[in-house]
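Everything below concerns the one structure shown next.
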Amino acid sequence: MGSNDLQLEMNFSEKQQNSFRKTVESGAFSLLIESSVPGPQLPARDAMKQLRVLEEEIAGISALPCGMAIVDRPGNPEGWSGIEFASQMSEELRDRHLVYLSGFNRDPGEIDRQLAIAGNSGNFNIACVSGDLGEGAAARTDSGQIFKKVMAKKGFFGGVTVNPYQYDPWALTAQYSKLGARILSDAGFFIAQTGWDTLKLQSLSWYLLSHDFYAPGFVRLLFLTPERMKHLLEHGQPGIIIGKELRRTMERELKLDRVLFDVAQFTRLERQAAACRILGFSGIQLCGADHPKIVAEAVNAVRKGIDSCTTFEDFLECYHNGMAESEVNSFHLKFQLFDRVLKRPYPFDDPPSPAELPDPGVTFWEKTAVRFSRKDAFAKNRQGVSTAMKCPKHNTLGPCGGVRHDGRCESGSQECVYRKWFRFAHACDALSGIEKEMI
Ligand code: SF4
């Protein structure tokens, strides 16, 4: 079945089926247009109007399977949740969309309430996230606990997120292991959060293949307007490292007139789409395409990208002509789990073996302390590292996506507790048992 046939089926499917799941499991490359729950400044009526216009545009797309990803915004107790907002969309199209459920400001009881609304409204495709660090959260639920709840509900299709843009060996291993554990627990899909480094996408893909972890993956990409680009250059964004070359490229683009600026963004999207497709991902979640005209052009760019690069060699040419300069040369921290990434496709005849991790830097005295603290029931099996107590989000089941590229916690300068756990496990030769423990 071609992707166009599938699209027709998605538009006119009989009730009760889950089109998103069917598309994802068919292997068709698809596009999710991201939309957020509106902030308090936008009246509900206007927000709904915008959402419906976007939904109508997406429903009319036939070039590739397309749906929406509704991102949660739990910081405003008076506002809608992602699931409530998604429940306002057309009943007959809801099964083609994906909704985020965040643990920020929600206790497990509230998560159950949100899932009940999702079930009653036919929003069965749920991406589980811990949510922002934020200030003053009255409660928090770990994304792992949300995931367990989703997976326990009949008919739900649950997914998780991963931050592959890590340049520290233990922070990277912690992210990969968390994802591996979720896949072994039957995650239906995963979403790689925003970043710029194609090498990291191939590393992730190789890690999954070399461990026989099969789950459809989406890559979250950012469509930039001049305003968003300026903001990004000034304030940065978790997961995105802007090195010298990339900064220069973006500054050059900012000097272009608006038409040429947009052409540069669609060209970037086209190349990124080619990369995602060739590297084995199942689709793209596009953030920033908030107008029907942009959606239409984004669909053309994605289609063009995947049609123009059908082999790894095509892709390499496209990568070296338009992406490599601003990516590879941008990063001063370059730890890669495998060698020769972006030089060849996955070598099935000679599967890659992970690179040696550097010395974990754990002292004799720290190791001794670890042995003592193993007696502590809370820290048992975690090489003595207390995770939930020390994690500002109280995560118990793995690192969040906000961990910085060098392994620091998103809240400040201290080491992410999961990075510390993995570093200590490495020092104690206990890394291999961690996936099992995380499950
Ligand atoms: S300690 Fe790690 S998992 Fe916890 S909030 Fe910080 S970065 Fe996230």
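List of remarks:
- Calculated Rg and Dmax of the stretch 3-330 using C-alpha coordinates, Å: 19.0, 52
- Amide hydrogen neighbours beyond the local backbone of Arg73, cut-off 5 Å, H modeled: Val37, Gly82
- Cα-centre dipole for the chain with unit charges at Cβ (Lys and Arg positive, Asp and Glu negative), debye to 20: 1100
- Going from the residue with the fewest nearby Cβ atoms within 10 Å to the one with the most, Ser81, Ser26 rank Ser26, Ser81.
- Between Phe364 and Ser432, the simple label model (points 7 Å from Cα in the Cβ direction) yields a spacing of 2.7 nm.
- Mean Kyte hydropathy of -0.5 or more with a Cα span along the axis of at least 27 Å, helices from DSSP in the chain: 258-278
- Spacing of the modelled spin labels on Ala139 and Lys230, each 7 Å from Cα toward Cβ, amounts to 4.2 nm.
- Counting neighbouring Cβ atoms within 10 Å and putting the fewest first, the residues Glu253, Glu25 line up as Glu25, Glu253.
- Where only DSSP H runs of four or more residues are counted, the chain gives -13500 deg cm²/dmol as its mean residue ellipticity at 222 nm, each run worth -39500 (n - 2.57).
- Dividing the convex hull volume of the alpha carbon atoms of the stretch 73-160 by its residue count gives 81 Å³ per residue.
- Cα shape, the stretch 134-223, gyration tensor, a/c 1.5 rule: oblate
- The region of the chain that goes longest without hitting one of the chymotrypsin sites (Phe, Trp or Tyr not before Pro) in a DSSP loop, each with at most 13 other Cβ atoms within 10 Å, is 13-213.
- Three principal axis extents describe the C-alpha atoms of the stretch 182-324; from largest down they are 47, 32, 32 Å.
- For the residue pairs Lys148/Lys334; Lys22/Lys148; Lys153/Lys393; Lys49/Lys255; Lys153/Lys178; Lys153/Lys293, the C-alpha atoms sit more than 30 angstrom apart in Lys148/Lys334; Lys49/Lys255; Lys153/Lys293.
- Whether the stretch 14-156 is rounded, prolate or oblate, judged on the alpha carbon gyration tensor where a/c under 1.5 counts as rounded: oblate
- Toward the positive end of the charge dipole of the chain, with +1 on the Cβ of Lys and Arg and -1 on the Cβ of Asp and Glu, the farthest Cα among Gln285, Gln202, Tyr418 is that of Tyr418.
Every number in this text was worked out from the coordinates using simple rules, so none of it is lab data. Quick caveat: nothing in here was measured; it's all calculated off a predicted structure. Cβ sites come from the backbone with ideal geometry, for glycine too, and all protein chains shown count toward neighbours.
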